[in-house]
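Heads up: the structure comes next, in structure tokens.
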There are 2 protein chains.
Amino acid sequence: MSISFRIHKDAGKARTGQITTPHGEIETPIFMPVGTVASVKGVPQDILEDVGAQIILGNTYHLYLRPGVDTVRKFGGLHGFMSWRRAILTDSGGFQVFSLNELRKVTEEGVTFRSHLDGSSHFFSPENSMAAQIGIGADIIMAFDECTEYPADRERMRASMEMTARWAARSKKYFEEHKSEVPWSGPRTSDAGPQQKQVPRAARNDKSTDDKTSGEATQSLFGIVQGGMDRELRKESAERTVEIDFPGYAIGGLSVGEPRELTREIVESTLEHLPKDKPRYLMGVGTPEEIVEYASLGVDMMDCVLPTRAARHGLLFTSEGKVSIKQAQYAQDPGPLDPNCGCRVCQRYSRAYLRHLYASNELLAQVLNTIHNLSFYLDTMRRVRHSISLGEESRFLSGVWSRPKP
Amino acid sequence: MSISFRIHKDAGKARTGQITTPHGEIETPIFMPVGTVASVKGVPQDILEDVGAQIILGNTYHLYLRPGVDTVRKFGGLHGFMSWRRAILTDSGGFQVFSLNELRKVTEEGVTFRSHLDGSSHFFSPENSMAAQIGIGADIIMAFDECTEYPADRERMRASMEMTARWAARSKKYFEEHKSEVPWSGPRTSDAGPQQKQVPRAARNDKSTDDKTSGEATQSLFGIVQGGMDRELRKESAERTVEIDFPGYAIGGLSVGEPRELTREIVESTLEHLPKDKPRYLMGVGTPEEIVEYASLGVDMMDCVLPTRAARHGLLFTSEGKVSIKQAQYAQDPGPLDPNCGCRVCQRYSRAYLRHLYASNELLAQVLNTIHNLSFYLDTMRRVRHSISLGEESRFLSGVWSRPKP
């Protein structure tokens, strides 16, 4: 088996469902915390589990540079290396090459880029992005794509989209030929180290959990729709990607500087061309309002650095709106950060204490702020799923914000 | 009641005991993690509880500057402000004024110093150190002393020791007149904020736990022995401090640059002049080897920034010796940091992962390293107590290192 996807309930365009992966199940719509370099910054893995993260995202670009694919592979993949027992998704590296490298050189073959760490030269192609992602061993991996810059003219958007389509085919070809090489597919070595004991064996031998399960456990490769900000090109990209046939589809190339309204329009129109029976993943999105809205449009998976990065800068998301905890107005505020939040931060600490930690540049500020923001995002998606399961097609969009935790 | 101290078992000079404070009991000998500015850097309070911290130390100098005594008082003291339910000890501010202020001016009245944060001018005297420590509301507070610089000639050591003695008397006088002003002594206000609910009421109404308990819960003021590196002056300082009469005694002014052998000699000789029936606190010490050694000499309480500060710099203490986790030799090491350690870090993560986090400058490196080092220190003291309780006077010094956790 790789993954299976089952829809529980539809409500308008929105739906709840479940993705079964070799490392556990994911309730959709899902928000995936970003753990760039094998760590969701500042949060120990047991706390991540405790706040309810069912799947986290790793960045292939960063992991490839540090600690390197060979090291990760030796530990049975990223699950073993970072001791994360639940599901993982990795991106292809294409977006980081796009966003972190001004000196990248793109050809049909792939992308030459320089490491942001030491300036050394590297090359990513569909084939070696797949090789890296297979070595890293996430449950869901992504086709190597080109993220089209914004703004771009139609000719450029088309050329980029078409190359992404060709790269998708190459990605799939390489993946199909090499997917058995995932480090957790074969038998484990007995000397793989003590932390290996805690990584559950892949579910390859457990055929009873799902009728669709069969054969060896493998990763699943998702395709990515590009096409810039052009609805027609997006449609064509979706159709060409679906034709290649993947177990899930992502919408990439958004949140790259375009107006929010345009993002929404492209997402909504692109979704119409993606199969309903496959997971649909919107990459790099978004604010709490946005993840709710996109879930209502039928997106099943999202990821974003916003909750974690904003937390480290003292920007906190609450049911009462955004809180910039550095402000002096909180210096003596005895209330919890969010009175409607059940997370371990809101249950124990005051706004005044969180403000003090931030103002004093204490490490714990970043830790606690991140735990809260992730809790808020994951709780938000939990409420979205609950609303959809009640059939609340449109009402949950407004209601999900003010409703106290069930 | 303030505190009560009961000795369970003697083994040579060493002893195990229990200090009952208004915020819980402390098993001695105890190591106290340092939470300088209302946070043990990088460690959430629930994890501190989990690793077994029974008492933590706050720094009056830092708390006085930020968030300020008035703010801490409004939250029912430091317990309420930082939501720490167990015991707290504060130092007097004297040592920080000594170590962080090259421009301090010392007179009989007190010390004028400049904030290391903004250069603003401040004044600490025995009276306003007591006022600050009463407002902060730790269970155990310290007399305001002068930490004699090293090296110093005998005349200077004597003059400094004598001023510390006069300051001790002034500290006690002010404390006795104002100790009822501790924020958790009176009835709580109902609008003190949600986090107040989690701070247990002081044990003042619970007379059943200890026969010695009586009256309102108050703080306890400890005296500090100074006298530089001169055994005679230390003896005199001890006698004069004991004459003033405190419920516990500290040895200050050590670990200020003198050779280790000299520290040990002064500690050992000073201890002879301190009453056996009162807690004896050695300030600012030490390495794992040292805390074991000083416990064997009869010290009951110790604190040091070493485990937390070293952790942030990648220096980890283990039953097999020190580990500098940044070293490349650990990059592929699948073993736990310390095979004899039961802490959540050693149980879950490999050396390779910890090395990767440190090399990648990830926040989580500092968090996990600190959790381990504190666990190691607290476990070490747990083993010391166990050894003493078995009557192992001298053997535990060597045995405590190689013995796996019980």
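The values are calculated or read from the model by the stated rules, or taken from the named source; none is laboratory data. All figures in this text were calculated on a predicted structure; none of them were measured in a lab. Quick reminder, even Gly has a Cβ in these numbers, built from the backbone with ideal geometry, and neighbours come from all protein chains shown. Keep in mind that these areas ignore ligands, DNA and RNA; they rest on the heavy atoms of the full protein, side chains included. Shrake-Rupley method; radii C 1.70, N 1.55, O 1.52, S 1.80 Å.
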*In what sequence, largest accessible area first, do B:Thr36, A:Thr60 appear using a 1.4 Å probe?*
B:Thr36, A:Thr60
*Using a 1.4 angstrom probe with every protein chain in place, what is the largest-first accessible-area order of A:Glu127, A:Glu102, B:Glu320?*
A:Glu102, B:Glu320, A:Glu127
*Once the dipole of the range A:267-331 is set up with Lys and Arg at +1 and Asp and Glu at -1 on Cβ about the Cα centre, which of A:Val292, A:Leu316, A:Leu274 lies farthest towards its positive end?*
A:Leu316
_Percent accessible area from carbon and sulfur atoms, the range B:110-180, protein chains only, probe 1.4 Å_ = 53
*Have a look at B:Met32, B:Met82, B:Met301 and tell me which one the Gaussian network model of chain B (Cα, springs below 10 Å) gives the largest fluctuation.*
B:Met82
*asked:* For chain B, give me the percentage of DSSP beta bridges that are antiparallel, rounded to the nearest 5 percent.
replied: 50
_Position B:Ala328, label points 7 Å along Cα→Cβ, spacing to each other copy in nm (shortest first, one decimal)_ = 5.2
*Quick one: if the Förster radius is 51 Å, what FRET efficiency do B:Glu272 and B:Ser324 give, using the C-beta to C-beta distance and rounding to 0.05?*
0.85
*On the full set of protein chains, 1.4 Å probe, figure out the accessible area of B:Asp277 and give it in Å² to the nearest 10.*
100
*Only counting protein heavy atoms at a 1.4 Å probe, give the residues of the range B:53-76, ordered by number, whose accessible area falls by 10 Å² or more when the other protein chains are present relative to the chain alone.*
B:Arg66, B:Pro67, B:Thr71, B:Lys74, B:Phe75
*Write out the cysteines belonging to chain B for which the nearest other cysteine Cβ is not under 4.7 Å, or none if no such cysteine exists.*
B:Cys147, B:Cys304, B:Cys343
*Ranking by accessible area, most exposed first, for A:Glu362, A:Glu289 with a 1.4 Å probe*: A:Glu289, A:Glu362
_Filter chain B for me: DSSP H helices, axial length by Cα at least 24 angstrom, mean Kyte-Doolittle hydropathy not below -1.0. List them by residue number._
B:363-389
*For chain B, what is the convex hull (Cα atoms) projected area averaged across all directions, in square nanometres?*
19.7
*How much mean residue ellipticity at 222 nm does chain A get from its helices, if each DSSP H run of length 4 or more adds -39500 (n - 2.57) and you divide by all residues, to the nearest 500 deg cm²/dmol?*
-11500 deg cm²/dmol
*Would you mind pulling out the separation of the Cα centroids of the range B:257-314 and the range A:95-136, in Å?*
54
*Which residue of chain A is nearest the rotation axis onto chain B, counting by its Cβ, and what is the distance in whole Å?*
A:Val367, 3
*If you place +1 on the Cβ of every Lys and Arg, -1 on the Cβ of every Asp and Glu, and leave all else neutral, what size is the dipole of the range B:263-405 about its Cα centre, to the nearest 20 Debye?*
540
_Tell me the accessible surface of A:His386 in square angstrom (1.4 angstrom probe, heavy atoms of protein chains only), to the nearest ten._
90
*Select from the range B:31-48 all residues whose loss of accessible area on going from the chain by itself to the full protein assembly reaches 30 Å² or more (probe 1.4 Å).*
B:Val37, B:Ser39, B:Lys41, B:Gly42, B:Pro44, B:Gln45, B:Asp46
_Calculate the FRET efficiency for A:Arg6 and B:Glu232 from the Cβ-Cβ distance with a Förster distance of 56 Å, rounded to the nearest 0.05._
0.10
_If you roll a 1.4 angstrom probe over the protein chains with everything in place, what fraction of the accessible area of the range A:63-104 belongs to carbon and sulfur, to the nearest %?_
47
*What total accessible area, in Å², is buried where chains B and A meet, using a 1.4 Å probe and rounding to the nearest 100?*
3900
_Counting only protein heavy atoms, probe 1.4 Å: which residues of the range B:331-349 lose 50 Å² or more of accessible surface in the full assembly compared with their chain by itself?_
B:Gln332, B:Pro334, B:Arg348, B:Tyr349
_For the protein assembly as shown, what does the accessible surface come to per residue with a 1.4 Å probe? Please give it in Å²._
36
*Considering only the label points, 7 Å along Cα→Cβ from Cα, what distances in nm to one decimal separate B:Lys276 from the same position in each other copy, shortest first?*
8.5
*Can you work out the FRET efficiency for the pair B:Val305 and A:Arg104, with r the C-beta to C-beta distance and R0 = 45 Å, to the nearest 0.05?*
0.50
*DSSP bridge pairs, the protein assembly as shown: antiparallel proportion in percent, nearest 5*: 50
_Give me the dipole magnitude in Debye, nearest 20, for chain B about the Cα centre, with unit charges on the beta carbon: positive for Lys and Arg, negative for Asp and Glu._
1000
*Of the residues A:Ile134, A:Ile388, A:Ile244, which exhibits the maximal mean-square fluctuation in a Gaussian network model of chain A defined by a 10 Å Cα contact cut-off?*
A:Ile244
*asked:* Could you identify which residue out of B:Tyr377, B:Tyr358, B:Tyr281 has the top mean-square fluctuation in a GNM of chain B using Cα springs shorter than 10 Å?
replied: B:Tyr358
*Pairs to check: B:Lys13/B:Lys41; A:Lys179/B:Lys326; A:Lys179/A:Lys278; B:Lys41/B:Lys326; A:Lys173/A:Lys276. Give those whose C-alpha atoms are more than 31 Å from each other in this structure.*
B:Lys13/B:Lys41; A:Lys179/B:Lys326
*Heavy-atom accessible area of B:Ile325 with all protein chains present, probe 1.4 Å, nearest 10 Å²?*
0
*Copy-to-copy spacing for B:Val305, label 7 Å out on the Cα-to-C-beta vector, in nm, shortest first?*
3.1
*Once phi is turned into ³J(HN,Hα) by the Karplus curve 6.51 cos²θ - 1.76 cosθ + 1.60 with θ = phi - 60°, what whole-Hz value does each residue of the range A:32-49 show in order, with x for glycine and proline?*
10, x, 8, x, 2, 10, 6, 7, 6, 3, x, 10, x, 4, 5, 6, 4, 4
*To one decimal place, what orientation-averaged projected area in nm² is obtained for the convex hull of the Cα set of the range A:1-146?*
10.1
*Would you mind classifying the protein assembly as shown by shape? Square roots of the alpha carbon gyration tensor eigenvalues, ordered a ≥ b ≥ c; an a/c under 1.5 is rounded, otherwise it is prolate if a/b is larger than b/c and oblate if not.*
prolate
